[in-house]
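Chemist: Quick one: structure below, then a few questions.
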Amino acid sequence: MVCAVSGGADSVSLAILAVASGLTVTIAHVDHGLRADSGDDAAAVRSLAEDLDVAFVVHRANVEPGPDLEARARAARHAAVGPDALFGHTADDVAETVLWNLLRGAGPAGTSPMIGSARHPLIGLRRSQTRALCAELGIEPRHDPTNDDPAFTRNRVRHEVLPLLDDVAGRDVVAAIVRHAELSAELAALADHLGGAVDPTDAAALTCEPRAVARAAVRRWIMETTADGYGPDLATVDRVLDVARGTWRATEIGDGRSVARTAGELRIIETRTGRLVDP
């Protein structure tokens with residue numbers, strides 16, 4: 001089992017618990033080349049692998065500074081470690097992602113991050129618990145200073161929004177937000193199940209379905225056709241449904257692709273060439 005380990009308390013705990021559970025583990029570390037001391041992170045993770053007596057591999061996936069840095073770094077990280085790697089995200093990460101996606105106008109699919117995913121086995125734990133585990137074992141986890149930079153919205157959610165919500169509610173709100181994520185996941189799964197029976201290329205069929213089901217059908221179609229593991233955002237899906245209703249003849253869906261309607265059928269095409277994109 002490949003465990004993606006940055007060197008922070010969460011991913012270090014992931015590796016420790018994976019070994020303790022009897023798995024044959026390979027620790028994978030991804031160096032994005034964003035910090036001058038990133039080599040120290042790799043050295044610390046290598047030392048951890050030696051202490052645990054497991055295989056170690058380091059991937060270098062340079063990510064240039066600029067817009068959408070977090071998303072680009074995440075995509076590079078996932079591509080480097082492979083589709084089956086485990087990640088050490090906790091319940092705190094779920095809560096932060098839910099709030100961040102709500103700020104972006106996400107629906108049930110976007111407000112149920114990591115729920116039910118085998119790739120995130122630690123989401124039943126809290127960040128305080130992973131830190132406590134490292135402390136108990138005498139391990140000093142690495143600290144990424146970019147996690148404190150208020151230039152990143154997620155960091156402000158972590159350091160400002162969640163503490164404020166705790167204060168307003170008079171309680172630790174992470175558990176309540178995770179519960180919301182679980183309920184959203186159930187609704188998203190139901191819509192996806194029903195949407196699986198709908199032909200997303202049939203404009204008339206889409207317009208006859210409840211909007212949540214039609215959205216699920218379009219989202220699945222775009223993901224399967226374009227091999228985009230993250231899928232389109234809600235605004236993109238709704239624009240495609242506008243095309244199905246005849247409001248527009250075509251709409252951009254990103255990555256140089258469009259959805260166009262011809263004779264009652266929807267097709268994904270390359271915007272520049274007009275070539276049909278096969279699933």
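The values are calculated or read from the model by the stated rules, or taken from the named source; none is laboratory data. Here the structure is a predicted model, which is why all the values come from computation and not from measurement. Glycine also receives a Cβ, built like all others from the backbone with ideal geometry; neighbour counts cover every protein chain displayed. When the accessible area is computed, the model is the full protein with side chains, heavy atoms only, and any ligands, DNA or RNA have been set aside. Shrake-Rupley method; radii C 1.70, N 1.55, O 1.52, S 1.80 Å.
Chemist: Over the range 219-279, what relative contact order in percent results from Cα pairs under 8 Å that are six or more residues apart?
Modeler: Answer for the range 219-279 is 24 percent.
Chemist: Among G39, V58, A76, whose Cα projects farthest towards the positive end of the dipole of the chain, with charges put on the beta-carbon of Lys, Arg (+1) and Asp, Glu (-1)?
Modeler: Result: A76, furthest along the dipole toward the positive end.
Chemist: Could you pull out the trypsin sites (Lys or Arg not before Pro) across the range 217-270 that fall in loop regions by DSSP (anything but H, G, I, E, B) with no more than 15 other Cβ atoms inside 10 Å?
Modeler: R249
Chemist: Same structure, new question: Using a probe radius of 1.4 Å on heavy atoms only, what accessible surface per residue do you get for the range 1-46? Whole Å² is fine.
Modeler: Result: 38 Å² per residue.
Chemist: Of the listed values (1) 21.1, 67; (2) 18.6, 58; (3) 17.4, 48, grab the one calculated as Rg and Dmax of the Cα atoms in Å from the structure here.
Modeler: (1)
Chemist: Here's a follow-up. Please report the relative contact order for the chain, taking Cα pairs under 8 Å with a sequence separation of at least 6, and give it as a percent rounded to a whole number.
Modeler: Reported relative contact order: 14 percent.
Chemist: Restricting to the chain, what percent of DSSP beta bridges are antiparallel, rounded to 5?
Modeler: Once the DSSP bridges in the chain are tallied, antiparallel ones form about 55 percent.
Chemist: Using Cα pairs closer than 8 Å and at least 6 residues apart in sequence, work out the relative contact order for the range 27-130, in percent.
Modeler: After rounding, I find 25 percent.
Chemist: In addition: Return one whole number: the accessible area per residue of the range 155-257 in Å², for a 1.4 Å probe.
Modeler: Heavy-atom SASA per residue in the range 155-257 reads 56 Å².
Chemist: I've got another one for you. Using 1/(1 + (r/R0)^6) with R0 = 25 angstrom and r between the beta carbons of D149 and A43, what's the FRET efficiency to the nearest 0.05?
Modeler: The formula returns an efficiency of 0.60 here.
Chemist: Express the carbon and sulfur contribution to the solvent-accessible surface of the chain as a percent, rounded to the nearest whole number, probe 1.4 angstrom.
Modeler: Accessible surface attributable to carbon and sulfur in the chain totals 54 percent.
Chemist: Continuing with this model, one more query. Can you pull a Stokes-Einstein diffusion coefficient for the range 136-192 at 4 °C (1.567 mPa s), Rh from Kirkwood over Cα pairs, as a whole number of µm²/s?
Modeler: D = 92 µm²/s.
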